[in-house]
Amino acid sequence: MRPKDENKEALIREKAIAMIVQEGFDGMSMQKLAKAANLSPATIYIYFKSREDLLNQLYIAVDEIFSREVLKNFDPEMPFEEGLWLQWKNRYRYIQKYPLHFHFSEQFRSSPLIKHAAIKEGPFRAAMQQFVKHAIHRKEIVELPTEVFWSVAYGPFYILVKFHLQQSGMGGKPFSLSEQKMKQAFQLVLKALRA
């Protein structure tokens, strides 16, 4: 058995992510990936047992980077306004730094091809749950079902980011996200969560 080469493994991961973002999950085969990475298909199987294993390992690696980036300087004990604003800024910085990872994660989460139950939750979710729990306990925000909380707390942020990435807003007008626009939406989100 040949030894694993970290550079080849990183190349396979990045080529796979780019291919999935451009062509979707259906467009990525091990053959096409091998060709894009200028490797033999057998080489890919040294690193990943199957296509499904590759997809799950990609998500885990991308999720670890996401968690590391968005938890920078974050403490679940922070006051809610300070912590949520830091989350918005950290997430925006992550998206700017890793745009392909962001698009890959979006596709991965909504794909019926992926067995999401096979993927373990990382420290990120625990930190967020603790953060919200503390905010409710301190009466900084009202208690809401998780999905309602998430859609109010982060939905506006992600919609603004999508407009920014597409460089197009409502009616096709050019749109660029600034900190001022982000802060404007953030203040409205705070009002909604405190209602």
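Counted as qualifying within the stretch 68-146 are the helices (runs of 4 or more DSSP H) with 1 or more residues that are in contact with a helix residue (DSSP H, G or I) (Cβ under 9 Å, 6 or more places away or on another chain), of a type in the set (Ser, Thr, Tyr) and at pLDDT below 95, namely 99-109.
Condition (residue is closer than 22 Å to residue 79 by Cβ and either open to solvent by 50 Å² or more (accessible area, probe 1.4 Å) or out of contact with any helix residue (DSSP H, G or I) (no Cβ under 7 Å at 6 or more places or on another chain) (or both)) applied to the stretch 170-177: is it met by at least one residue? Explain how you work it out, then say what you get.
Here is the first cut: in the stretch 170-177, the ones closer than 22 Å to residue 79 by Cβ are none.
The answer is no, given that none of the residues of the stretch 170-177 is closer than 22 Å to residue 79 by Cβ and either open to solvent by 50 Å² or more (accessible area, probe 1.4 Å) or out of contact with any helix residue (DSSP H, G or I) (no Cβ under 7 Å at 6 or more places or on another chain) (or both).
The test for being free of Cβ contacts under 8 Å to residues at least 60 places away in the same chain and surrounded by fewer than 16 Cβ atoms within 10 Å (Cβ to Cβ) does not hold for residue 90. Please indicate, with yes or no, whether at least one residue in the stretch 98-107 is free of Cβ contacts under 8 Å to residues at least 40 places away in the same chain, closer than 23 Å to residue 191 by Cβ and crowded, with 16+ Cβ neighbours inside 10 Å. Within the stretch 98-107 (the criterion being free of Cβ contacts under 8 Å to residues at least 40 places away in the same chain, closer than 23 Å to residue 191 by Cβ and crowded, with 16+ Cβ neighbours inside 10 Å), the answer is no, since none of the residues qualifies.
Just one of the numbered conditions (1) free of Cβ contacts under 8 Å to residues at least 24 places away in the same chain; (2) surrounded by fewer than 17 Cβ atoms within 10 Å (Cβ to Cβ); (3) assigned to a helix (DSSP H, G or I) is not true of residue 188: (1).
Taken together, 65, 60 contain a single residue that is touching a Phe, Trp or Tyr at 6+ places or on another chain (Cβ under 9 Å) and in a helix (DSSP H, G or I), which is 65.
Yes/no matrix, rows are residues, columns are (1) open to solvent by less than 20 Å² (accessible area, probe 1.4 Å); (2) over 16 Å from residue 109 (Cβ atoms); (3) touching a residue at least 24 places away in the same chain (Cβ under 8 Å); (4) of a type in the set (Ser, Thr, Tyr):
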| site | (1), (2), (3), (4) |
| --- | --- |
| 6 | no, yes, no, no |
| 15 | no, yes, no, no |
| 27 | yes, yes, no, no |
| 38 | no, yes, no, no |
| 58 | yes, no, yes, no |
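The values are calculated or read from the model by the stated rules, or taken from the named source; none is laboratory data. The model shown is predicted, which means the values in this text are computed figures rather than measured ones. Positions of Cβ are backbone-derived with ideal geometry, glycine not excepted, and every protein chain shown enters the neighbour counts. Surface accessibility is based on the protein's heavy atoms, side chains included, excluding ligands, DNA and RNA. Shrake-Rupley method; radii C 1.70, N 1.55, O 1.52, S 1.80 Å.
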